[in-house]
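One structure is given here, and the rest of the page talks about it.
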Amino acid sequence: MNTIINSGVVFNIQYYSIHDGSGIRTLVFLKGCPLRCEWCSNPESQSLKPEVIVLVNRCIGCGNCIKICSEQAIVNTIEGNIINRNKCIACGKCTEVCNAGALQIKGKFYTVDDLLEQVMEDAIFYEYSGGGITLSGGEPFFQADFTYSLLRTCKESRLNTAVETCGFVPYETIERCLPYLDSILYDIKHLDTDIHKQFTGADNLIILENVRKLAKTDVNLIIRVPVIPGINDSNNNLIRTAEFVKELGLKELYLLPYHSLGVRKYSQLGRKYKLNINPPTVERINEIKEILIDSKLNIYIGG
């Protein structure tokens, strides 16, 4: 039985994207993820619940947030206002009285109809470009019932649909969405189980098992590898990954170079960023592409 859930938690909607699927797309970012990748560029996506972020450089010290917080979760320090995450219930009242925009809430409940209405405002662009909607995150399948309901409704409206996934979910969760999915953008982070667990918090057994099953279906399956220096960018791991993709019967592999654009978000959430690495150079990415040419796969950068 397929459960119908009409509302879910979304933390961002990005319009006019030309990545993450074909044509011009609207990206809907859902909160909640079962992994904790140390390089994650969207840490605000990991928790399923709405969260308040603090932009310290915008704070003007008015104290309105402290006065209105019923949980006494905000305290003023020499470094600025700090939120006690154990007390904060993310009610959003502090963000409403913060005229400087120093406090913002990440995560809002949307109904399927509300999202569809917003997405369909750009229907003419989808029609002429072959685009549509892409669900991202976080991990869209983490909100399994809502994702199912949203995809089904989008497909009923004849939208092209895609999902970006880490694959660390029960296969049945993905399988029931397949009739309403055109493409799956599937991330493979490392083939070594122990290393995968060390840097993501979970092993890769379910991930690899699920992608083998998906490769036998009719869905357009796109494999992507985030290239993280010092973690998964060894020639050996990349060559093994390319061979694995060939074994699946696929012909393409996308490389997603690590970037540090999400680092500042960790302090906004009161968290520390664990990694101390630089993005791969253009020369290194081109070198990797040359190495993987021997795999006879079509190698793409980005997407």
Worksheet item: Restricting attention to segment 23-67, which residues are crowded, with 21+ Cβ neighbours inside 10 Å, within 30 Å of Asp203 (Cβ to Cβ) and of a type in the set (D, E, K, R)?
Response: Lys31, Glu44, Glu51
Discussion item. Criterion first (in the same structural domain as Gly21 (by TED's automatic domain parsing), closer than 24 Å to Gly23 by Cα and acidic (Asp, Glu)) does Glu117 satisfy it?
Written reply: yes
Worksheet item: Looking only at segment 215-240, which residues are closer than 18 Å to Pro280 by Cβ and either free of Cβ contacts under 8 Å to residues at least 24 places away in the same chain or of a type in the set (Asp, Glu) (or both)?
Response: Asp233, Ser234, Asn236
Worksheet entry | Count of residues meeting criterion [modelled with pLDDT under 95 and either within 14 Å of the chain's Cα centre (by Cα) or crowded, with 24+ Cβ neighbours inside 10 Å (or both)] in segment 128-137 | 1
Worksheet entry | Residue list for segment 68-124, filter: outside any loop (DSSP other than H, G, I, E, B), under 22 Å from the mean Cα position of the chain (by Cα) and crowded, with 19+ Cβ neighbours inside 10 Å | Lys106, Tyr110, Val112, Leu115, Val119
Worksheet item: Quick one: what pairs do we get from segment 199-214, first residue within 21 Å of Ala162 (Cα to Cα) and assigned by TED's automatic domain parsing to the domain that holds Cys33, second outside any helix (DSSP H, G or I) and hydrophobic (A, V, I, L, M, F, W, C), C-beta under 6 Å, 6+ apart or different chains?
Response: Ile206/Phe168; Ile207/Phe168; Leu214/Leu221
Item to complete: Under 7 Å between Cβ atoms, at least 6 apart or on separate chains: pull out the pairs that start in segment 254-279 with a residue that is in contact (Cβ under 8 Å) with a residue 40 or more places away in the chain and assigned by TED's automatic domain parsing to the domain that holds Asn232 and end on any residue that is assigned to a loop (DSSP other than H, G, I, E, B) and among the polar types (S, T, N, Q).
Response: His259/Ser41; Leu261/Ser41; Gly262/Ser41; Gly262/Asn42; Pro279/Ser260
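The values are calculated or read from the model by the stated rules, or taken from the named source; none is laboratory data. Keep in mind it's a predicted model, so treat the numbers as computed, not measured. Methodologically, a virtual Cβ is constructed for each residue, glycine included, from the backbone with ideal geometry; neighbour enumeration extends over all protein chains shown.
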